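> Before we start, here is the structure in question, set down as structure tokens.
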Amino acid sequence: MKVEEFRSPHTVHVPMTCTVKEAAKQMREQHVGALIVTEDGPPRGRVVGIVTDRDIVVKAVVFDGDPENLLVADIMHTHVLSVEASADIGDALQTMASHGVRRLAVTGQAGTLVGILSLDDVLDAMARDWALLAAVVRSERQRERTGSVQSPLPTA
């Protein structure tokens, strides 16, 4: 399975001059856990970093900063880990595990940002797949209990 099948195409960009408080508001309003930080702001400025909800909580507290005056540039990760949309999901998960992150930027063939892959996205998709598998097993058990016969395949 490929990263493309799991990634969210929705990315929220903020300028590096955005305050931590404004970044937190954006995360809440847009229902995202990470913001792409750009040099000049949205939508197509040069990507200079990524800031996550965890960065805001952990780093802003460490800085003892005022979220209204502390900038995302002060707490963002400048090395944005990325994975190609065509990459195998297992490779992406290995990258997350080896770097201790829950999100990766997803790039297209030209290296442009096409989305974000979050561990939550992967878990949601896997949960749906497991639920379908469980439904198959339940259906088979029900069929066996009731003695119903599978319908034959139509012949041409």
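Here, each number is a calculation from the coordinates, and none is a lab measurement. Computed from a predicted model, the values in this text were never measured in an experiment. For neighbour counting, all protein chains shown are included, and Cβ atoms are generated from backbone atoms with ideal geometry for every residue, glycine included.
> I need the peptides 50-58, 7-15 ranked by packing, meaning the mean over residues of other C-beta atoms within 10 angstrom, with the highest value on top.
50-58, 7-15
> Follow-up. Of ILE56, LEU93, ALA73, whose Cα points farthest to the positive end of the dipole of the chain (charges on the beta-carbon: +1 Lys, Arg; -1 Asp, Glu; origin at the Cα centre)?
Of the options given, the answer is LEU93.
> Applying the Karplus parametrisation 6.51 cos²θ - 1.76 cosθ + 1.60 with θ = phi - 60° to the phi angles of the range 130-139, what ³J(HN,Hα) value in whole Hz is obtained for each residue in order, glycine and proline being reported as x?
Couplings: 5, 5, 5, 4, 4, 5, 4, 4, 4, 4 Hz.
> DSSP beta bridges in the chain, what fraction antiparallel, as a percent rounded to 5?
70
> Compute the separation of the alpha-carbon centres of the range 88-156 and the range 1-64 and state it in Å as a whole number.
26
> Same structure, new question: If packing is taken as the mean number of other Cβ atoms within 10 Å per residue, what is the order of 131-142, 107-118, highest first?
Result, highest mean first: 107-118, 131-142.
> Hey, another quick one. With θ set to phi - 60° and the Karplus curve 6.51 cos²θ - 1.76 cosθ + 1.60, what are the ³J(HN,Hα) couplings of the range 88-104 in order, to the nearest whole Hz, using x for Gly and Pro?
Result, rounded to whole Hz: 5, 4, x, 5, 5, 5, 5, 4, 4, 5, 6, 9, x, 10, 10, 9, 10.
> Taking θ as phi - 60°, what are the ³J(HN,Hα) couplings along the range 46-60 by the Karplus curve (6.51, -1.76, 1.60), each to the nearest whole Hz, with x for Gly and Pro?
So the Karplus estimates, Gly and Pro as x, are 5, 6, 10, x, 9, 10, 10, 4, 5, 4, 5, 5, 6, 6, 5 Hz.
> Hey, another quick one. Near the amide H of GLY115, under 5 Å away, which other amide H atoms are found, from residues 5 or more places off or on another chain, if H is placed in the peptide plane?
Result for GLY115 returns VAL106.
> In debye to the nearest 20, how big a dipole does the range 44-116 give about its Cα centre with +1 on each Lys and Arg Cβ and -1 on each Asp and Glu Cβ?
200
> To continue, here is another question. Using a 10 Å cut-off on Cβ atoms, rank the peptides 122-128, 83-89 from the highest mean neighbour count down.
83-89, 122-128
> So, with +1 on the Cβ of K and R and -1 on the Cβ of D and E, and no other charges, what is the size of the charge dipole of the chain about its Cα centre, to the nearest 20 debye?
560
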